[in-house]
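The next block holds one structure in the form of structure tokens; read it before the comments.
The values are calculated or read from the model by the stated rules, or taken from the named source; none is laboratory data. Every value quoted in this text rests on a predicted model; they were computed, and no experiment measured them. Please note: Cβ atoms are built from the backbone with ideal geometry, for glycine as well, and neighbour counts cover all protein chains shown.
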Amino acid sequence: MSFHYLTEDGSGAYLLENGLGYYEIESAPSNMPNVVGLELPAAQLALQTAGILVLTSIGYFGTWPITVIWVQSKQPPGTVLAQNPVAGNFVPVNGNVIFTVSEYPMSVAYPGSI
């Protein structure tokens with residue numbers, strides 16, 4: 001049975017819905033793993049394992065829920081430096097996730113003279 005996070009009810013409790021009814025729980029569910037320090041493909045696999053990223057066809061109306069911000073860093077290229085939401089938070093299926101990732105070095109090829 002799969003639950004879907006709905007909302008906080010104002011008293012500090014949270015409501016979950018499973019298609020049959022609503023259930024109140026004491027605290028917010030959490031499923032966001034800590035992916036800081038992982039390489040980007042490993043971080044994406046961690047989201048799949050946690051049930052956050054469910055691959056669907058990405059087409060004209062499809063979306064990709066992960067935004068990658070590339071930054072210069074002394075960390076190895078492709079390493080996740082930061083994540084939003086942070087580990088321990090709840091993220092719905094295919095909810096928005098932002099990774100800050102160390103960028104790969106770029107090189108530019110210039111045409112040689114003949």
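Let's see how each residue does on (1) assigned by TED's automatic domain parsing to the domain that holds VAL36; (2) at pLDDT below 95; (3) not hydroxyl-bearing (Ser, Thr, Tyr):
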| residue | (1), (2), (3) |
| --- | --- |
| GLN72 | yes, yes, yes |
| LEU81 | yes, no, yes |
| PRO85 | yes, yes, yes |
| GLY88 | yes, yes, yes |
| VAL93 | yes, yes, yes |
| ASN96 | yes, yes, yes |
| SER107 | no, yes, no |
| PRO111 | no, yes, yes |
| ILE114 | no, yes, yes |
Study note, to complete from the structure: Flagged in region 68-114 as hydroxyl-bearing (Ser, Thr, Tyr), surrounded by 13 or more Cβ atoms within 10 Å (Cβ to Cβ) and assigned to a loop (DSSP other than H, G, I, E, B), in numbering order, are SER73
